[in-house]
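Asks: Okay, here's the structure, questions in a sec.
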Amino acid sequence: MERKLEIDGKPRNPYNLPFKKFRKKPIEIRAVRIFASFKVQTKEGIMEGKSGDWLIIGVEGEMYPCDHNIFLKSYDVPKGMKWIMGKPQ
């Protein structure tokens, strides 16, 4: 995927910007994994989730879909939750 960036209408190479590292605050969210395609109204408009994605309710009550692999990299799954072939048991 090509990453494109414009600042003040001029193309810029995002890799030349002085990025700093930040860590997300440890906040709790509510989420459910949905095994069907779905659409949800977000602050940015309607977003689509695919089967197996998570529907998240954020800290301000906003809802948005999250890819399963990104979810597992970003959030801790509660201990004791078992997964068989990608579906919770």
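The values are calculated or read from the model by the stated rules, or taken from the named source; none is laboratory data. In this text the structure is predicted, and so the values were computed from the model without any measurement. Using ideal geometry, Cβ is built from the backbone for each residue, glycine included, and neighbour counts are taken over all protein chains shown.
Asks: Within region 12-21, identify whether any single residue is more than 18 Å from Tyr75 (Cβ to Cβ), hydroxyl-bearing (Ser, Thr, Tyr) and outside any loop (DSSP other than H, G, I, E, B), and answer yes or no.
Replies: yes
Asks: Step by step: first the residues of region 30-46, then only those that are within 13 Å of Glu62 (Cβ to Cβ) and touching a Pro at 6+ places or on another chain (Cβ under 9 Å), then the one that is surrounded by the fewest Cβ atoms within 10 Å (Cβ to Cβ). Which residue is that?
Replies: Of region 30-46, the ones within 13 Å of Glu62 (Cβ to Cβ) are 30-31, 40-45.
Filter once more, keeping what is touching a Pro at 6+ places or on another chain (Cβ under 9 Å): 40, 42.
Details: Val40: 16, Thr42: 13.
Ranking the qualifying residues of region 30-46, first place goes to Thr42.
Asks: Filter region 23-36 down to the residues that are out of contact with any helix residue (DSSP H, G or I) (no Cβ under 8 Å at 6 or more places or on another chain) and either within 19 Å of Val77 (Cβ to Cβ) or at pLDDT below 90 (or both) and list them by number. Show your work before the answer.
Replies: At the first step, the residues of region 23-36 found to be out of contact with any helix residue (DSSP H, G or I) (no Cβ under 8 Å at 6 or more places or on another chain) are 23, 25-30, 32, 34-36.
Result: Arg23, Lys25, Pro26, Ile27, Glu28, Ile29, Arg30, Val32, Ile34, Phe35.
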